[in-house]
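Contents: one structure, followed by commentary.
The values are calculated or read from the model by the stated rules, or taken from the named source; none is laboratory data. Just so you know, these numbers come straight off a predicted model, no measurement behind them. Using ideal geometry, Cβ is built from the backbone for each residue, glycine included, and neighbour counts are taken over all protein chains shown. Side chains are part of the model used for accessible areas, which takes the heavy atoms of the whole protein and leaves out ligands, DNA and RNA. Shrake-Rupley method; radii C 1.70, N 1.55, O 1.52, S 1.80 Å.
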Amino acid sequence: MVKMILLVTIVSFATNLQSASCFSIFSHSKRNLFYRNDSPVQKRFPRLNLLDSIQTSDALDEITDSETTAYLTFQHPIYNIEITLIGCLHGSSSSANDVSYVLNQSHTDAVVLELCPTRYKDLMSEVDRRKKDDELKSSMDTPNYFMMVKKTIEARGFATGIAAAVLGSASGISTALSGFEPGLEFVTAIDYVNIKAKKLSSGNIADVNERVDIILADRIVDETLQRIGSLPSIATDMLKLYIENGFNWASVYGCQSEVLNNAIAGDKSNGEYLDLGKALFRNKQVIQDLIRITLPSLALVLIVNSALILSLDGSITSSIATFDIHKYGLKDAMVDISTIFILILGYMMVALPTVKVVLTERDEQLTKGINDACRIISEKYESEGDLESLKNRQGRVVAVLGFLHVNGVKKLLMQ
């Protein structure tokens, strides 16, 4: 039951950023995931000054005074690169403060973002729109919303369109009720990079090694939506494989269950890890943000759950009465058994397939992006004949990720 409730939180966190980009996939064109801070892509959009506005003294005091942090710092096992993985509640001011704090601790060579090019472009376009005080209708207005659903279905198929519709509406409702600003932590990181670029281009920074690069490491959003739309077939395939393997839990479901456990509680055998429980309750600001992001989703789940109970209660009661089970004293036992069976089935057919698509596959993609960032930094110093400088100064990569990706990505990097 606890894991099922946590899964709801997973979906809430995972979809919180999707409202601005779910429907852009029908016009998507694939591009490079690597941008230098002086590239046209960076200059195309205005810089949003958030570093001063979001970092109050109280927020900084809470970050520095807390024994528990929202990030992990460790050495890459192959490259001489320091890696910091920041766990974020997407769109929250507490996470934006964490990002700003970590980036300003020391020089960063590359910033890795849990974004794909499409989501990056949509996020920057939204920033541009806000700065111009554009009063255009929101994309979540009903006519535009259904038009976008229709276009997505026509371009990418029914399953992808429905997945986009569900994620878009859930994210829009959650964002509206929580008051979060989608992508705030990413904009904070991009703002940091643009400040560095501006100083470099103006000559305020003479050392070209002060340049900061951006790596867009997440899987293309339309691929993720296609996978989410295919969850029923993925769940069926996993069940078939489970049966074919002689009901061997470890070979099919065990690995996904381990990913979920590691994401939430960490793996002690992997060294330092992020304890999700402690990180989410480490100070007052984070707790407030957590309440704002989870209450809308929890309320929605409770409403749906109550509706299901009301709709099913009559049929269950009538079935039990038909067989006159109550006189044998087995009614409560059978209800309890059926409830447990439904929970187990839901865990196998819904929770773990979702973990596979939302966490496992994307952890692998994000890990690849961070490895690419480390390689790019090494190549940068090598091409400039400054390997000695890299050894002395030690390169640094900061990755801005969702909370539930931190432990999984670290484990993959250390392997």
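Amide H contacts under 5 Å for VAL112: ILE215, VAL398, ALA399, VAL400, restricted to partners 5 or more places along the chain or on a different chain, H placed in the peptide plane at 1.01 Å from N.
Fully extending the segment from ASP128 to SER338, taken as 0.36 nm per residue of separation minus the present Cα-Cα distance, adds 70.3 nm. Under a 5 Å amide H cut-off, with hydrogens placed 1.01 Å from N, TYR71 pairs with GLY87 among residues at least 5 apart or on other chains. Protection proxy ranking for 252-263, 86-97, using the average of other Cβ atoms within 10 Å per residue and placing the highest first: 86-97, 252-263. Heavy-atom accessible area for ILE228, with the other protein chains in place and a 1.4 Å probe, reaches approximately 40 Å².
Take the Cβ-Cβ distance between ILE303 and TYR242 as r, set R0 to 30 Å, and report the resulting FRET efficiency rounded to the nearest 0.05. If you can, show how the numbers build up before the last one.
Details: r = 33 Å, r/R0 = 1.09.
Here the calculated transfer efficiency is 0.40.
Across the range 277-289, coupling constants 3J(HN,Hα) worked out from phi with the 6.51/-1.76/1.60 Karplus curve, θ = phi - 60°, read x, 5, 5, 7, 10, 7, 7, 5, 5, 5, 4, 4, 5 Hz, and Gly and Pro carry x.
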